[in-house]
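Some notes on the structure that comes next.
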Amino acid sequence: MRINHAILIRALPADRLEDFVNDWLAQRCKDYHSHELWRGTGDMGRDVTGYVTDRRMEGAWDNFQCKQLNKTLSEPSAFIELGKIFMHSASGAYSLPRAYIFVAPLGVGRAVQQFIAHPERFRQAFLDRWNTSIAGRLVDKQMIQFTPEIEAKIKAFDFTQVHWLDAARLANDPACQPVLVKWFNEDPGPSPRGVVPAEIQADESAYIGQLLKLYSEKGPGTYPDAETALASANYGTHLRDQRTRFFDSVAFDRFYRDSTPEEYLSTFKDEVYHGVVEIHGDDHSDGLTRLSQVMRQAAILQASGILGKHAGPQVKQGTCHQFANEGRLPWHR
């Protein structure tokens, strides 16, 4: 039965929701140069910030305001939280954010949804309501008057960039997949099989070059290029099998690099390496025997965790060819 991740996100304590969102932003490397978690008092209306450039808050940035509540985000709360941004920006603490996103696992109230759907109506409500509904609720026991500086910030802010995410929307974001794996042991499922191109690719030339040397040493004949080996009765099937294994491992890497935390794939590869390195280092009668023994061992070793569950023999064997490419476990010495 599939896990309902939205329910699990709704059950997180408030500080853990901030950690969850911070991990989510870490996966959005195409959107952000870096990100930062602001914890506790003195956050100036920021929970988690995503920085578009290395200028961080002096450049374009987005604010993710986490509201783990026992009900939907109310209209007064939405005005107070966003009002803090205008107050602190007017005082010179930071520039206006490019976007402001309410992360409210239970969602937002209908009135908030309506304001977000009507950006200019939202802006006008801030201008109209500041002194009556907002000024006395931003800082404890203080009235934050509607100054020209605050008015200028409200007028300058792009209200089309106010958004909201509930738990379901957050869980369904593709960048959230690795976070669900990390936090809730979500199984991303099996990787697709690799596609073996007809032409030899640059990223496989190193290990294939090593195999050609092994074929030539074993004989009969010499194999100056892959086409010669593929056409031969002695090694054609062998080389095709190795290419299948290599591209299965490449497809495996690509799939889990996008769907699991970064350390999962590196841990998997380390386990494969340590599972075969002793066999690779043993004395063998020739290089092809070494390769054969390593492949036998790779096929039967069991890596741990979710990736180990989905790594078939050919993926682990193809990973060994990646090690040969890198010079970590070369086939030809």
Inside region 159-195, the number of residues satisfying the requirement of being of a type in the set (A, V, I, L, M) and exposed (fewer than 15 other Cβ atoms within 10 Å of the Cβ) is 1
Grab the strands (runs of 3 or more DSSP E) fully contained in region 1-109, keeping just those with 2 or more residues being free of Cβ contacts under 8 Å to residues at least 60 places away in the same chain and hydrophobic (A, V, I, L, M, F, W, C). 61-66
Condition met for GLY59 (surrounded by 21 or more Cβ atoms within 10 Å (Cβ to Cβ) and either of a type outside the set (Lys, Arg) or within 29 Å of ALA135 (Cβ to Cβ) (or both)): no
Spot the failing condition for ILE144; the list is (1) closer than 21 Å to ARG98 by Cβ; (2) surrounded by 14 or more Cβ atoms within 10 Å (Cβ to Cβ); (3) among the β-branched types (Val, Ile, Thr), and only one is missed. (1)
Go through (1) surrounded by fewer than 21 Cβ atoms within 10 Å (Cβ to Cβ); (2) farther than 30 Å from LYS30 by Cβ one by one and return the number of the condition ALA229 breaks. (1)
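Collect the residues in region 128-170 that are of a type in the set (Ser, Thr, Tyr) and within 19 Å of GLY109 (Cα to Cα), keeping them in residue-number order.
SER133, THR160
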Scan region 229-250 and give yes if some residue there is modelled with pLDDT of 95 or more, in contact with a Ser or Thr (Cβ under 9 Å, 6 or more places away or on another chain) and among the charged types (D, E, K, R), otherwise no. yes
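Which of the residues spanning region 298-327 are farther than 17 Å from LEU239 by Cβ and crowded, with 19+ Cβ neighbours inside 10 Å?
In the first step, residues of region 298-327 are kept if they are farther than 17 Å from LEU239 by Cβ; the result is 298-313, 315-316, 319, 323, 326-327.
Result: ALA298, ALA303, ILE306, LEU307, ALA311, VAL315, LYS316, THR319, PHE323.
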Being of a type outside the set (A, V, I, L, M) and touching a helix residue (DSSP H, G or I) at 6+ places or on another chain (Cβ under 7 Å) is the filter; apply it to region 167-181 and report the residue that is nearest to ASN22 (Cα to Cα). CYS176
Members of region 281-321 found to be part of a helix (DSSP H, G or I) and touching a Lys or Arg at 6+ places or on another chain (Cβ under 7 Å), listed by number: LEU288, ALA298, ALA299, GLN314, GLN317, GLY318, THR319, HIS321
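Residue by residue, here is whether (1) more than 25 Å from GLY42 (Cα to Cα); (2) at pLDDT 95 or above holds:
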| position | (1), (2) |
| --- | --- |
| TYR100 | no, yes |
| PRO105 | no, yes |
| GLN113 | yes, yes |
| PHE122 | yes, yes |
| LEU127 | yes, yes |
| ALA135 | no, yes |
| GLN142 | no, no |
| LYS153 | no, yes |
| PHE157 | no, yes |
Within region 1-56, can you find the residues that are basic (Lys, Arg), surrounded by 13 or more Cβ atoms within 10 Å (Cβ to Cβ) and farther than 19 Å from LEU69 by Cβ? ARG28, ARG56
Out of curiosity, is GLN114 under 24 Å from ALA167 (Cα atoms), in a helix (DSSP H, G or I) and either touching a residue at least 24 places away in the same chain (Cβ under 8 Å) or not aliphatic (A, V, I, L, M) (or both)? yes
On the given criteria, is TYR256 under 24 Å from ALA202 (Cβ atoms) and not hydrophobic (A, V, I, L, M, F, W, C)? yes
Which numbered condition ARG121 fails, given (1) outside any loop (DSSP other than H, G, I, E, B); (2) over 32 Å from the mean Cα position of the chain (by Cα); (3) surrounded by 13 or more Cβ atoms within 10 Å (Cβ to Cβ): (3)
Subset of region 251-266, residues out of contact with any helix residue (DSSP H, G or I) (no Cβ under 7 Å at 6 or more places or on another chain) and farther than 19 Å from ALA26 by Cα, comes to ALA251
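The values are calculated or read from the model by the stated rules, or taken from the named source; none is laboratory data. Please read all numbers here as calculations on a predicted model, not as lab measurements. As a convention, Cβ positions derive from the backbone with ideal geometry for all residues, glycine included, and neighbour counts pool all protein chains shown.
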